[in-house]
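The values are calculated or read from the model by the stated rules, or taken from the named source; none is laboratory data. Everything quoted here is computed from the prediction, not taken from an experiment. With ideal geometry, Cβ positions are generated from the backbone for all residues, glycine too; neighbour counts draw on all protein chains shown. Accessible surface areas use protein heavy atoms only, side chains included; no ligands, DNA or RNA. Shrake-Rupley method; radii C 1.70, N 1.55, O 1.52, S 1.80 Å.
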Amino acid sequence: MRKIGILTSGGDAPGMNACIRAAVRTALTDGLEIIGIRRGFTGLIEGDFIGMDRSVVRNTVHLGGTILETSRSSEFMTTEGRRKAIDHLTREGIDGLILIGGNGTFRGGVALSGECDIPVIGIPGTIDNDIYGTDYTIGFDSAINCAIQAIDRVRDTAQSHERLFFVEVMGHETGFIALNCSIAGGAEELLIPEDPMDIDDLCKRLQNSFSRGKKSAIVVVAETDRPGWSFRIAKEVQEKIAYDSKVCILGHIQRGGSPTARDRILGSLFGARAVRALESGMNGVVVGVIHGLVCYTPMPETWEKKKPLHADLMDLNLLLSE
Ligand code: F6P
């Protein structure tokens with residue numbers, strides 16, 4: 001191994017820069033060259049490369065977003081798109097690749113490595129935390145901390161006006177962000193795809209809360225691919241229980257901002273270990289951390305297997321929101 005390439009792909013996540021920085025410093029310390037591929041797979045197809053030295057990653061550990069920029073490339077999912085990418089990689093002499101992203105990124109990695117002999121290592125970087133093979137992904141901790149701050153603020157105004165708030169968080173069809181925010185934000189109710197709740201049940205539970213003396217409530221809602229989902233639920237609930245209701249969509253705010261210490265450390269650990277994984281001859285695996293230990297999972301398992309929500313946290317949420 002002499003020269004490795006690194007890119008970020010899919011949704012950006014706080015902590016990606018700490019990860020890039022660690023990969024660059026580890027590679028340089030080990031005597032390797034490292035090339036940054038800008039704008040994810042789009043940049044790989046176009047040969048948008050930048051040499052990485054220590055100065056490029058200086059003063060970046062605290063920055064949100066990704067200094068390499070990112071994209072969601074449909075062209076890379078075609079053989080023709082990947083052929084262009086392989087041409088650029090070969091011309092540049094890149095003999096190992098690190099991909100930071102989510103399931104879509106790893107699918108692209110598997111397709112690419114099946115068509116050339118460049119080893120590929122994945123790093124789970126997404127605020128959604130929905131990747132099998134790791135307890136935590138880069139960006140999740142920052143996203144939930146951001147959402148919690150927002151929920152605390154919503155609670156102030158909900159309480160002052162005696163209102164019911166539906167706070168929608170991101171998560172890409174999974175409830176990891178929502179469940180964690182519900183517990184940490186003391187939400188009254190939680191709506192997640194893994195444990196769907198009937199509107200009538202939700203109304204009953206809210207009415208019970210109000211009859212026990214609560215004057216305001218927060219329902220944390222995991223986003224879905226149905227536009228206006230939280231607004232629809234809020235409207236239905238308001239029609240049934242006639243309580244003053246508002247909707248607050250947190251959206252992309254959760255993806256930006258300075259990473260938490262946890263995400264900086266996790267990103268740094270993953271970045272360093274990915275370089276060492278390439279050096280040791282690994283290929284087609286995703287670096288993760290399970291029960292505090294670094295591990296490596298074959299890429300296809302990360303989308304073939306579904307990471308479940310933590311059962312103890314589900315129970316805890318139910319217990320505390322009663
Ligand atoms: O995967 C991260 C994520 O923020 C999801 O939570 C969300 O569904 C999606 O990306 C939004 O993607 P985009 O920024 O492309 O709209």
Cα-Cα over 23 Å: which of Lys246/Lys306; Lys214/Lys240; Lys204/Lys307; Lys84/Lys306; Lys3/Lys306; Lys235/Lys307? Lys246/Lys306; Lys204/Lys307; Lys84/Lys306; Lys3/Lys306; Lys235/Lys307
What angle, in degrees between 0 and 90 and rounded to the nearest 10, separates the Cα long axis of helix 103-113 from the longest principal axis of the Cα atoms of the chain? 20 degrees
Pairwise FRET efficiency - Glu46 versus Asp152, Cβ, R0 = 35 Å, nearest 0.05: 0.20
With r defined as the distance between the Cβ atoms of His310 and Ala261 and R0 fixed at 22 Å, what FRET efficiency is calculated, to the nearest 0.05? 0.55
Suppose all protein chains stay in the model; what accessible area per residue would a 1.4 Å probe give for the chain, in Å²? 44 Å²
Tell me, how many Å apart are the Cα centres for region 259-313 and for region 72-143? 14 Å
Could you check the spin-label model distance between Glu162 and Arg72? Points 7 Å from the Cα along Cα→Cβ, value in nm. 4.3 nm
Per-residue [θ]222 nm for the chain (sum of -39500 (n - 2.57) over DSSP H runs n ≥ 4, rounded to 500): -13500 deg cm²/dmol
Quick check on region 173-242: take the gyration tensor over C-alpha atoms, sort the square-rooted eigenvalues as a ≥ b ≥ c, and tell me if it's rounded (a/c under 1.5), prolate or oblate. oblate
So, over other residues within a Cβ distance under 15 Å of Gly43, counting Lys, Arg +1 and Asp, Glu -1, the net charge is -1
Percent carbon-and-sulfur accessible area, the chain, ignoring ligands, DNA and RNA, probe 1.4 Å: 50 percent
Please list, by residue number, every one of the trypsin sites (Lys or Arg not before Pro) in region 179-259 that is coil in DSSP and has at most 14 other beta-carbon atoms within 10 Å. Arg212, Lys214, Lys215
